[in-house]
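J.: So that we are looking at the same thing, I have put the structure below in structure tokens.
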Amino acid sequence: AAALPGLGALGGGGTLVVSIAAGTSLAAFDSAFGAGTPVVRAMPNTPAAVGRGITALVGNATASDADMDLAESLMAAVGETVRLEAEAQIDVVTALSGGGPAYVFHLIEAMAAAGAAQGLPEDLAMRLARATVCGAGELAHRDDAPASQLRVNVTSPGGTTAAALAHLMDDATGLPPLMARAVAAATARARELSQ
């Protein structure tokens, strides 16, 4: 809100505006720059810092295919890109992939703490947890199999992983309902912030 009034001279259609400002709607940009200015909202995430980010993009009514291509090309320099069908989806993207790295980092913390609770030195437990998440992420990135199949590939029937998954996959108390509540809370907060 403080920066936009000083940028109004860029409006009028001669400049493509690409914004990574969370919670600032296309309507706010249309108001600041004029309805004839192409604007693309982008929601990257912090793995962009290592070239492994993912950015979702959505343009206003003035943004042409060429504008979208240019914005996508810009954001592709730091990772993958996806185009959204509607601006309303950006709140869910903010909750899922925008905040997602924090959820993964917390998973690493929780895994390391659980390993330490079972007798590993804390530094070793953290090293194992970090390397496991990093390796699993890279495997999921490189392998075309669905995540569900990758999970099955690690799980021997009646084995140790199956014992852990019985807790993690519980319909009432496991990871799926917990993650659903977490992403819903983040989505609701993103919507509040954009009002």
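J.: In degrees, nearest 10, range 0 to 90: what is the angle between the Cα axis of helix 100-117 and the longest Cα principal axis of the chain?
T.: Tilt of helix 100-117: around 20 degrees.
J.: Placing unit charges on C-beta atoms (Lys and Arg positive, Asp and Glu negative, everything else neutral), compute the dipole magnitude of the chain about its Cα centre in debye, rounded to 20. Let's see the in-between values first.
T.: Values: 10 positive and 18 negative charges, 69 e Å.
The dipole of the chain has a size of about 340 debye.
J.: Continuing with this model, one more query. Could you tell me which of Ala61, Ser25, Ala48 has its Cα farthest along the dipole of region 18-86 towards the positive end, charges placed at Cβ (Lys, Arg +1; Asp, Glu -1), taken about the Cα centre?
T.: Ala48
J.: Between Ala163 and His141, what FRET efficiency follows from the Cβ-Cβ distance if R0 is 35 Å, with the result rounded to 0.05? Show your work: numbers first, answer last.
T.: Values: r = 27 Å, r/R0 = 0.78.
Once the sixth-power term is evaluated, E becomes 0.80.
J.: Roll a 1.4 angstrom probe over the protein heavy atoms and tell me the percent of accessible area of the chain that is carbon or sulfur. Don't skip to the end; give the middle numbers.
T.: Working: 7330 of 11840 Å².
In the chain, the share of accessible area belonging to carbon and sulfur is 62 percent.
J.: Of all beta bridges DSSP finds with both residues in the chain, what is the antiparallel percent, to the nearest 5? Please report the intermediate quantities before stating the final value.
T.: Working: 4 of 12 bridges.
If I count the DSSP bridges inside the chain, around 35 percent turn out antiparallel.
J.: Put a dot 7 Å past each Cα toward the Cβ at Glu192 and Arg130; how far apart are the dots in nm?
T.: Computed distance between label sites Arg130 and Glu192 equals 3.4 nm.
J.: Follow-up. Please give the solvent-accessible surface of Met179 in Å², to the nearest 10, using a probe radius of 1.4 Å with every protein chain present.
T.: Roll a 1.4 Å probe over it and Met179 shows about 70 Å².
J.: Got the relative contact order for the chain handy, in percent, Cα pairs under 8 Å and 6 or more residues apart? Mind showing how you got there, number by number?
T.: Values: 233 pairs, mean separation 32.8, N = 195.
Over the chain, the number comes to 17 percent.
J.: Right, next: For the chain, build the charge dipole from Cβ charges (+1 Lys, Arg; -1 Asp, Glu) around the Cα centre, then report which of Ala35, His106, Pro157 sits farthest towards its positive end.
T.: Towards the positive end, the residue furthest out is His106.
J.: Please get the size of the charge dipole for region 6-120, origin at its Cα centre, with Cβ charges of +1 on Lys and Arg and -1 on Asp and Glu, quoted in debye to the nearest 20.
T.: 280
J.: Rounded to the nearest 500 deg cm²/dmol, what is the calculated helix-only ellipticity per residue at 222 nm for the chain, with -39500 (n - 2.57) per DSSP H run of length n ≥ 4? If you can, show how the numbers build up before the last one.
T.: On the way: 8 runs with 100 residues, N = 195.
My calculation for the chain gives -16000 deg cm²/dmol from helical runs alone.
J.: Taking the highest mean first, how do the peptides 23-34, 65-76 order by number of other beta carbon atoms within 10 angstrom per residue?
T.: Top to bottom by mean Cβ count within 10 Å: 23-34, 65-76.
J.: Additional query: Give the angle, between 0 and 90 degrees and rounded to the nearest 10, that separates the Cα long axis of helix 122-142 from the longest principal axis of the Cα atoms of the chain.
T.: Taking the Cα atoms of the chain, the angle to 122-142 is about 60 degrees.
J.: Skip the ligands, DNA and RNA, and give the accessible area per residue of region 1-129 with a 1.4 Å probe, whole Å².
T.: Working: 6920 Å² over 129 residues.
With the other protein chains kept in place, region 1-129 gives 54 Å² per residue.
J.: Something else: Take the alpha carbon atoms of region 1-60, find their center, do the same for region 138-195, and report the distance between the two centers in whole angstrom.
T.: Cα centroid of region 1-60 versus Cα centroid of region 138-195: 32 Å apart.
The values are calculated or read from the model by the stated rules, or taken from the named source; none is laboratory data. What you see is a predicted model, and the numbers here were worked out from it, not measured in a lab. All Cβ positions, even for glycine, are placed from backbone atoms using ideal geometry, and neighbour counts span all protein chains on display. Heads up: the accessible areas ignore ligands, DNA and RNA and are worked out on the full protein's heavy atoms, side chains in. Shrake-Rupley method; radii C 1.70, N 1.55, O 1.52, S 1.80 Å.
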